[in-house]
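Read the structure below first, then the notes.
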Amino acid sequence: MPAVVIVGAQWGDEGKGKATDILGSRVDYVVKFNGGNNAGHTVVIGDQKYALHLLPSGILSPGCVPVIGNGVVVDLNVLFQEIDGLNERGIDTSKLVISANAHVIADYNRTMDKVAERFLGSRKIGTTGRGIGPTYADKMNRLGIRIQDLFDEKILRQKVEGALDLKNQILTKIYNRRAVEVDEIVDELLSYVDRLRPMVADTPLLLHDALKADKTVLLEAGQATLLDVDHGTYPFVTSSSATTGGACTGSGIAPTEITRVIGIVKAYATRVGEGPFPTELFDDDGEQLRKNGAEFGTTTGRPRRCGWYDAPIARYAARINGVTDFVLTKLDVLTGWEQIPVCVAYDVDGERVDEMPMTQTGFHHAKPIYEYFPGWSEDISGARTFEDLPKTAQEYVLALEAISGARISTIGVGPDREQSIERFDLL
């Protein structure tokens, strides 16, 4: 059976959680393979809304095994707060499995994140301050603490001491902050061990055996393609690999096992934090998109920057990820516009550019070249087939499909699990 990847095809917040949840009842495992609690998914089931930050969206599907893969960085306090919150609402979290090789966010990583961002001033990246970047930096510098290290106090202490040798010099001599005590970090991390131990497994082996046993594994990205550390709008990116390639390294599943890649795109575009955004709106249209779409961060509450759909970005994401199917979300948010602009190319210093500019400078200078499509005024939230949509809404979807690099298989017309139109089966 297949391994299927779900990735964000813009700057995040596209609705990956809802897409994963829709498929949750049809898959056996849902794996979060990158990121941490720096991004959230909102899933609406009936009159209940669930905001997930660290846990995979599959946690809400009773027959599904949710897995936190080795590519994730884990804030254990947030993890258990989130588990407790779901348990209080009657959600069974007992099937959760966590990779022994996932890295742990220590308190000093959060401290380093916050002070470094303040130190950058106008050059800030716009991080969430949750220690994600510094934890990934420790991982690459081979100073990281993995989940498995918590089960050997001697190794844990050695690793914390090694990490703090340099960090305390930076904190005290550059940032004028107090030094972090080794004991306070070790004691905090050890306090989670008893509860954590039953959840931890060799997840690459678990997933390999699942695929051999004809199980379906869904790999769920945090963040999105344009925030990928290699393929995004660097340096205004996250610190992990949020693309299909990251699904392999972040889960331990071989590339040959992946049979389908589902890219999630909004019917418009948003981004959070700093960085270039060619179609960004600073007028009443932008404010209306934000209001209609409730565009505020699930994890941070920050208002999202809003703009029109960007087809070169969609094509780029389709190419980088090998997208086989797009899920187009929030089409209902566009109801009420007389005409809807779509960016089909860029003007970069007087020259038309049809694809993502190669350089950061080119993308910073990119001005959108728009085509305009007729809008609609009908309420489409009750549509359940493509034919239920107004003709102009159908034409808008087909126009996006023609210029985005892959077919649009599912269309979201509202936040609820049931408010979706299936044109082609995603599995």
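Listed values, structure above:
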{"quantity": "Extension gain, Gln394 back to Gln158 (0.36 nm per residue minus Cα-Cα distance, nm)", "calculated": "78.9 nm"}
{"quantity": "For segment 218-285 and segment 78-94, distance of Cα centres in Å", "calculated": "27"}
{"quantity": "Folded to 0 to 90 degrees: helix 391-404 orientation relative to the chain principal axis, Cα", "calculated": "60"}
{"quantity": "In degrees, nearest ten, helix 76-88 long axis to first principal axis of the chain (Cα)", "calculated": "60"}
{"quantity": "Approximate spin-label separation Asp84-Glu371, in nm, with each point projected 7 Å along Cα-to-Cβ", "calculated": "5.4"}
{"quantity": "Under the Karplus curve 6.51 cos²θ - 1.76 cosθ + 1.60, θ = phi - 60°, whole-Hz ³J(HN,Hα) for segment 238-252, x wherever Gly or Pro sits", "calculated": "7, 9, 10, 9, 9, 10, 4, x, x, 5, 6, 5, x, 10, x"}
{"quantity": "Fluctuation leader among Thr243, Thr111, Thr359 - the chain, Gaussian network, Cα springs under 10 angstrom", "calculated": "Thr359"}
{"quantity": "Peptide ranges 2-11, 98-107 listed from the most packed, as the mean C-beta count within 10 angstrom indicates", "calculated": "2-11, 98-107"}
{"quantity": "Considering only the chain, percent of DSSP beta bridges that pair antiparallel, nearest 5", "calculated": "40"}
{"quantity": "Cut-off 17 Å, label 7 Å out along Cα→Cβ of Ala402, residues of segment 342-362 by amide N", "calculated": "342-345"}
{"quantity": "Alpha-carbon centroids, segment 1-72 and segment 286-362: separation in whole Å", "calculated": "22"}
{"quantity": "Segments 73-81, 325-333 sorted - mean Cβ within 10 Å per residue, highest first", "calculated": "325-333, 73-81"}
{"quantity": "Using alpha-carbon coordinates, inclination of helix 311-321 to the longest axis of the chain, degrees", "calculated": "50"}
{"quantity": "Surface accessible to a 1.4 Å probe, per residue, for the residues of the chain, Å²", "calculated": "41"}
{"quantity": "Within segment 348-427: Cβ-based charge dipole about Cα centre, in debye rounded to nearest 20 (Lys, Arg +1; Asp, Glu -1)", "calculated": "100"}
{"quantity": "Pairs beyond 27 Å (Cα-Cα), from Lys114/Lys291; Lys18/Lys291; Lys95/Lys291; Lys49/Lys212; Lys266/Lys391; Lys154/Lys215", "calculated": "Lys114/Lys291; Lys95/Lys291; Lys49/Lys212; Lys154/Lys215"}
{"quantity": "For peptides 391-401, 53-63, sequence by mean Cβ density within 10 Å, most packed first", "calculated": "53-63, 391-401"}
{"quantity": "Cβ-placed point charges (K, R +1; D, E -1), dipole of the chain about Cα centre in debye, nearest 20", "calculated": "900"}
{"quantity": "Carbon + sulfur, % of accessible area of the chain - ligands and nucleic acids excluded, 1.4 Å", "calculated": "50"}
{"quantity": "Among Gly232, Thr359, Leu196 the positive-end extreme of the charge dipole of the chain (Cβ point charges)", "calculated": "Leu196"}
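The values are calculated or read from the model by the stated rules, or taken from the named source; none is laboratory data. A quick note: this is a predicted structure, and the numbers were derived from the prediction, not measured. Ideal geometry is used to build each Cβ from the backbone, glycine not excepted, and the neighbour counts take in all protein chains shown. Accessible surface areas use protein heavy atoms only, side chains included; no ligands, DNA or RNA. Shrake-Rupley method; radii C 1.70, N 1.55, O 1.52, S 1.80 Å.
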